[in-house]
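The values are calculated or read from the model by the stated rules, or taken from the named source; none is laboratory data. Remember, predicted model here, so these are calculated numbers, not experimental data. Don't worry about glycine lacking a Cβ; one is built from the backbone with ideal geometry, like all the others, and counts go over all protein chains shown. The area values use the complete protein model at the heavy-atom level, side chains included, leaving out ligands, DNA and RNA. Shrake-Rupley method; radii C 1.70, N 1.55, O 1.52, S 1.80 Å.
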Amino acid sequence: MELWDLTIRFFSMADANVRYVIFGSMLLGGAAGGLGTFAFLQRRSLVGDTVAHAALPGVAIAFLLTGEKNLLIILSGALFTSWIGVVLVNYIISRSKLKLDTALGIVLSVFFGIGIVLLSIIQKSGSGSQSGLDKFLFGQAAAISKNDVILLAIVGTALLAIMTSLYPKFKIIVFDPLFASASGLKTNFLQFLLSTLIVISVIIGLQAVGVVLMAALLFTPAAAARQWTDNLSKMIMLASVFGAASGILGAYISFLAPKFPTGPWIVIVVSFIFVTSILFAPKRGVISKMRLHLNNQRKTNREHILKALYKSGQKLNDWSKTYSISEIANFWSFAESKLKYGIRQLTRQGMMESINGRYKLTDIGISEGARVLRLHRLWELYLSKYLELPEDHLHRDAEDMEHIITPEIEARLVKLLDNPQYDPHNQEIPYTDGKVKS
Amino acid sequence: MTPDMTVIITGILVAVSCGLIGLFLILRQNAMLGDAISHSILPGLVLAFLITGSRNVLPMFIGAGVVGVLTAFITETISKTERVYKDAALGIVFTTLFAIGVILVSIFTGEIDLDQECVLYGEITYVHWDRLIMFGLDIGPRAPVILAAILIIDILFIFLFFKQLKITSFDPQFADSLMISSKKWHYILMIFVSMTVVASFESVGAILVIAMLILPGATSFLLTTKLLPMLLLSALFGTLSALGGYYCASLLDTSISSSIAVFGGIIFFIIFLIKSVVRTN
């Protein structure tokens, strides 16, 4: 009951503080999600991790210099050291044989180390109120106040405006940097601007998510959005929505359990969105791929049954003979359960009919069976004639291809091979209606 | 042994064992995997605590080994879908696992011997009083004893499989053509990285582990192209970081782990600048 009351209180936003926290979390999640899409596509996702960690010394230095916890000053400090961190990463790569991953690791660990050194000096020297700085490690969305929200709103809107107005240029830089510089864009400047925007979006999230996990809000929404679309603008919008939603839900969880840090909960929510996306996204999700695979397997199974019955009918020249399940199983060493399932499907499709528990092909089934066998033998002939494969190498490949060849390819094969009558094993290739031919 | 000595020795052991094993991550251009594993083993560690109710060494190592390999494996699986690049996949896996770990820590604070800050920068100051008791015998301070054992195991591993590690790190395609599976050795290396990380993690926290996995190796990478000298230099830079960091921390009265990390960074940047100046002249 208490949970319900709290939920109502949170989402009705009757409480002013709750309102600030919700808007704040939504804004920063949306900004990070949207801008993170660019970093994700440039394969610079982990740069965000270094940027976030490199903010910590800035937070501490700003506090040491001013002695107060003014968010604007603290975030300026964070922006300053994060930005130095990015510059250093690029400098290390350009002036040594070290690669991006190592440079990121170096800057991350050294800057974070400096941050902790300063933080523990602050904690040892000062009064209790200063210990609030450690909230920047794992985040505390509840700490977002009215003034903070105004700041977040201004910065968030500015980020969004710049991103939208430069969207076409950013798009070219991300997808084709060579073309961008060839067409006269100032790529270095634009790349610098894009990096700066990403750094800022990381910085404004620090309060709620914390330096340690902030990077997740950059790349995870983008990775989730990537599962649903191939279109950049849609991907950015989706990533923003995912980021905003995780921000709000994270804030909600932290509202229910205020003594826990918010960052980890936000990460759990956004990772959950990612897992759901990668599993369930249409066409490319894991589950729909599995379904596609299963459908192909079933089709192959059905076509094997048709082909086996067709060959038997042709051999006996008797199309009204019925077969029991075990007789059919002997044709092709079918697994019984798969065979029964295939026959059920074929009966439903009108390709087979059952007479007193025994089965035979219908007329449609006969011409389908003929088609599969025809494709098999056409392909064998093609392989033998054009690739000059020896006779004993043909069958297995044709076993696969008979299920794949489309009517268009079939027509071209027939034309290319000049209406062949016999396959390389000297067996007849059945056309339109096998019944008459054989 | 005085408490201060114990701290210094612990620091050196962490720095050398991480420095040696971390070098291979750098050679494989996979340095951030060290960062990732240092984060993602946290839930494994917490669960091992919660399940066994004690800080037994064996479950801890098994938990860490499993999570370490799992991190590499899930990353591989996600990036195989071809819609998430490897770096993002790695980021997603380790932030998720670390978030789970931090939540577990915050829920079970009091029941386990960890808190949120300790996860990050450890409690190396108190290592002397945390004793390892086996068969009712006080063997010595827990952290350095375990770390010494891990260091010996790491050195043996590198010594025995020097050829395989070298060839799969420098030229994975060539290794594959010689039937030395670079993939298999990648996962084996992950097991050793995880074990080394977990042994260091409890006493010194994530930050020093990450720093020592990367900094000594990166510094020595600047100076030589031969593997054996690189390993020796890495161990040397690790040791210097531990000594210098400890000294600075006692001067400034601040976190020892973080100072060691920062000192490792100072050594790196000094060598880096000297190299740049020498090259431009």
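Some notes on this structure:
- Partner shielding of B:69-78 amounts to 1, given as the average count of beta-carbon atoms from other chains within 10 Å of each residue beta-carbon.
- Ranking by accessible area, most exposed first, for A:LEU185, A:LEU65 with a 1.4 Å probe: A:LEU65, A:LEU185
- Prolate/oblate/rounded label for chain B (Cα gyration tensor, a/c 1.5): oblate
- Accessible surface for A:TYR252 stands near 40 Å², nearest 10, in the context of the full protein assembly shown (1.4 Å probe).
- Other protein chain Cβ atoms within 10 Å, averaged over every residue that makes up B:30-36: 6
- Taking B:GLY244, B:GLY264, B:GLY22 in turn, the Gaussian network model of chain B (Cα-Cα springs below 10 Å) assigns the largest fluctuation to B:GLY244.
- Largest to smallest accessible area among A:MET237, A:MET26 [probe 1.4 Å]: A:MET237, A:MET26
- Solvent-accessible surface of chain B, taken per residue with a 1.4 Å probe and all protein chains present: 40 Å².
- For the range A:285-438, the Kirkwood hydrodynamic radius comes to 16.3 Å, computed from all pairs of different C-alpha atoms.
- B:LEU252/A:SER94 FRET efficiency (R0 45 Å; Cβ-Cβ; nearest 0.05): 0.85
- Distant-in-sequence amide H partners of A:ARG358 (H built 1.01 Å from N, under 5 Å): none
- Total formal charge among the other residues, if their Cβ is under 14 angstrom from that of A:LEU206, Lys/Arg +1 and Asp/Glu -1: -1
- Cβ-Cβ FRET estimate between A:ASP15 and B:GLN29, R0 fixed at 51 Å, reported to 0.05: 0.55
- Cross-link partners of A:LYS171 among aspartates and glutamates (Cα-Cα below 16 Å; sequence separation of 8 or more within a chain): A:ASP230
- Reducing the range A:186-209 and the range B:210-281 to their Cα centroids gives an inter-centroid distance of 30 Å.
- Comparing the full protein assembly with the isolated chain (1.4 Å probe, heavy atoms, ligands and nucleic acids excluded), the residues of the range B:207-253 losing at least 50 square angstrom of accessible area are B:ILE207, B:PHE221.
- Listed pairs A:LYS289/B:LYS80; B:LYS163/B:LYS226; B:LYS163/B:LYS184; A:LYS97/B:LYS184; A:LYS299/A:LYS338 exceeding 20 Å between Cα atoms: A:LYS97/B:LYS184
- Given a 1.4 Å probe and the protein chains as shown, B:LYS275 ends up with an accessible area of around 90 Å².
- The simple spin-label model puts a point 7 Å past each Cα toward its Cβ; for A:ARG344 and A:ILE364 those points are separated by 1.9 nm.
- Probe 1.4 Å - accessible area at A:ILE404, Å² to nearest ten: 110
- Computed from protein heavy atoms with a 1.4 Å probe, the total accessible area buried between B and A is close to 4900 Å².
- Heavy-atom accessible area order for A:GLU428, A:GLU410, largest first, 1.4 Å probe: A:GLU428, A:GLU410
- Entries in A:LYS135/A:LYS234; A:LYS315/A:LYS340; A:LYS186/A:LYS234 that, when Cα-Cα distance is taken, lie over 29 Å: A:LYS135/A:LYS234
- Take the Cα of A:ASP230, go 7 Å toward its beta carbon, and the backbone nitrogen atoms of the range A:176-193 under 18 Å from that spot belong to A:176.
- Spin-label model, A:ASN330/A:PHE179: points 7 Å from Cα along the beta carbon direction are separated by 6.4 nm.
- Within the listed set A:LEU218, A:LEU279, A:LEU417, the residue fluctuating most in the Gaussian network model of chain A (springs between alpha-carbon atoms under 10 angstrom) is A:LEU417.
- Look at the alpha carbon pairs under 8 Å that are at least 6 residues apart: their mean separation over the length of chain A gives a relative contact order of 18 percent.
- Inter-chain Cβ neighbour average for residues B:96-105, partner chain, 10 Å: 6
- For the protein assembly as shown, carbon and sulfur atoms together expose 65% of the accessible surface, with a 1.4 angstrom probe and every protein chain in place.
- Two-site FRET efficiency, B:TRP129 against B:LEU228, from Cβ-Cβ distance with R₀ of 51 Å, rounded to 0.05: 0.85
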